[in-house]
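The values are calculated or read from the model by the stated rules, or taken from the named source; none is laboratory data. As the structure is a prediction and not an experimental result, all values here were calculated from the model. Here the Cβ positions follow ideal geometry from the backbone for every residue, glycine too, while neighbour counts run over all protein chains shown. Ligands, DNA and RNA are stripped out before the accessible areas are found, and what is left, the full protein with its side chains, is counted by its heavy atoms. Shrake-Rupley method; radii C 1.70, N 1.55, O 1.52, S 1.80 Å.
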Amino acid sequence: MRVLKNLPLRLVIPIFIILSFLLFNIFQFYLEKSKTFEAIKNTYVENAKIIGDSLQQTVEYFLVRQEKTLMEKVIVTYSAKEGVDYIAITDEKGKVLFSSRRGLKGFIKVKTEGCETEGYRVFCYFPLVGPDKERDILVFAFNMEREIKKAEAMIYQKFILHIAFFGLATFLLYLLLGNLVVKETENILNFLKSGDVRSLKIEGKNEFAVIKKAIRDAWDTIWRLANTDHLTGLYNRRYMENIYPSMAEEGNIIMAIIDLDNFKDVNDLFGHDFGDELLVQCSQRLKDVCDDEGFIAGRLGGDEFLILGVLPEGESPEEHIKRIKAKLSEKYSIKGIDVAITVSVGYSVVEGRNKPDFYELLKQCDIALYRGKLTTKNAIVRYSKEYEDREKRKRQVLLRIKDGLERGEFYLLYQPIYDVHTGKPIAYEALIRWENDYLGYVPPSEFIPYAEVSGLIVDIGRFVIRKAVEDIKRLKMPVHINLSARQLYDEGLIDYLKEVCEEHNVPRRMVIIELTESQNITMDSLLIAQILNIELEGFDISLDDFGTGYSNIQLLHEIRPKNLKIDMSIVKRLEQESDDSEQIILALVELANALGIDVIAEGVDTETKVNKLMWLGVSKMQGFYFSKPVPLEVALSLTRSSGA
């Protein structure tokens, strides 16, 4: 205290201010450290929810469809994103069913849903509904250790910088003993208070100028770490999110996600250092071409990049995207190796004043990108609400097929096959239909593909077999039952066919298994063996849609079907002039006659076609000219009225 009394007032006041501010900053640094850690955790939780929601829909979609390989591929792809520790699927008790981390087995702690943090990790849980309505949990784990330690280093750097500055400032006060200390200190304090680096006035080459330059450089480093990608130097998602509101006020917004196709193969083949160099070169090209287009380029993580910009009035967004895509698709030279890559782009354009928020627009681009990757890759796809609605419709159909079977919503119609010489039906084809209370009438062309990929086609096939065999007793005529290649893989199919026939006392020759030739069953020896076993058990085989697939003559020799059906696409062209369909049908008839196989023409809907087909040697026909698919009672009436 005696020393302070002897000091001039012009020194006492600055020293008091500096010491007070130093103590305040020590407290503020610890507070900032706590807030930074909390902000990082919240960011990871929010990111996990956003990515997890998208992944949840995709995984649930493939889980319901029982496409394990595609599901695992999607999970592995997502697990490669920056910061992701692992992704796992567990049952409700926490037993690990699948994990992107090989060593993760046994049981882990899970919740029904929501997110929680534990140490450096963030865990998010998303409920999944499987094909049998069993409830599984999608576990999404982020590891924040790297980012938290980076933040710690930045905070300690800032803390040490402040201590060094104030220590040096105190020393200079003793030396200068003038107003320069107060003036320069005030300038630095104003900067620390406002956070505006432009307020630092660097004049001359004195100590204060050096300190201010060091502060400015440190501040620039902090900003760069917070707003750019450390590998490529492009802006990160945080920066893009922050500038989006101001850009949205300027006009129409275009956003695009660019994904490098098969980038994992590059890493696997040449190594991660090679892949990193490819990302760096690709980023530089992207930045250059985006500067030319007036857009901003950023990196989302992994091999995904983001484009954001204001779209000038009257300009085509796709033309901009095509130029960017073309530039990125040019060859790269890395370590003396030329590499050619393709990219897939999903983009969205929003117009008007009421624009969606940043993450909603990002989700739209992700949906468009997924659409492109699902088809051909190397594609440009613009977001359409139709894509989102289509995905929702798929999920609705998939989730209701099993309930529909249990509730008796599926039913059969029968279309007669006529012998035109006698004018009487000689057989019927069973055709499945579905009427759902919520979805309304769902055509087979919509639900059959979904049932195929989900495995529910086996349940549907067994329903058709049982109902058709049951109705054969009343029809007293053979019935064609359609089976797909997927159903033929059912090991219990033959036993089920025999069991149902015995239960209803129906001769096996009355059940005709109809196969689609366009399924390329000739490429699978297991399917051929299954078909031959079906024939050996006394069931006849009919080859449907003949002439539209591979039309392998060897197939006719191997399975010797009872009959083959000429596809309606060929029959349809009979009324067209200068068409070779007559020669095709004539050749098929002669081939079938030589092998002792009956021929049936499908899709016959006019008398002209009937006459031409008879002239070509086809006597068995099916189509709207004779009858549409009808309920069982109507089919019985047709049979009785024809005297068959």
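Residues in segment 373-514 average 45 Å² of solvent-accessible surface per residue, probe 1.4 Å, ligands and nucleic acids excluded.
The residues of segment 209-355 present an accessible area of 47 Å² per residue when probed at 1.4 Å with all protein chains retained.
Using a probe of 1.4 Å on the protein chains alone, the accessible area found for Arg395 is around 60 Å². Ordered by 1.4 Å accessible area with all protein chains kept, Trp223, Trp434 run largest first as Trp223, Trp434. Seen from Glu249, the other residues with C-beta closer than 14 Å to its C-beta sum to a net charge of -1, counting Lys and Arg as +1 and Asp and Glu as -1. For Met568, the solvent-accessible surface with a 1.4 Å probe is about 110 Å², rounded to the nearest 10.
Compared with the alpha-carbon gap, the fully stretched path from Asn593 to Lys264 is longer by 113.0 nm at 0.36 nm per residue. Computed with every protein chain present, the accessible area of Lys327 is close to 80 Å² [probe 1.4 Å]. Within the accessible surface of segment 208-323, defined with a 1.4 Å probe on protein heavy atoms only, the carbon and sulfur portion equals 49 percent. Using the Cα coordinates of segment 29-121, the gyration tensor eigenvalues translate into equivalent-ellipsoid semi-axes of 28, 15, 12 Å, sorted from longest to shortest.
The antiparallel fraction among DSSP beta bridges confined to segment 234-341 stands at about 95%.
How large, in percent, is the carbon and sulfur part of the accessible surface of segment 583-633 at a probe radius of 1.4 Å? Roughly 56 percent of what the probe reaches on segment 583-633 is carbon or sulfur. Heavy-atom surface analysis with a 1.4 Å probe gives segment 440-482 a carbon and sulfur content of 61 percent of its accessible area.
Given R₀ = 60 Å, FRET efficiency for Gln281-Ser641 by Cβ-Cβ distance, to 0.05? For R0 = 60 Å, the calculated efficiency reads 0.20.
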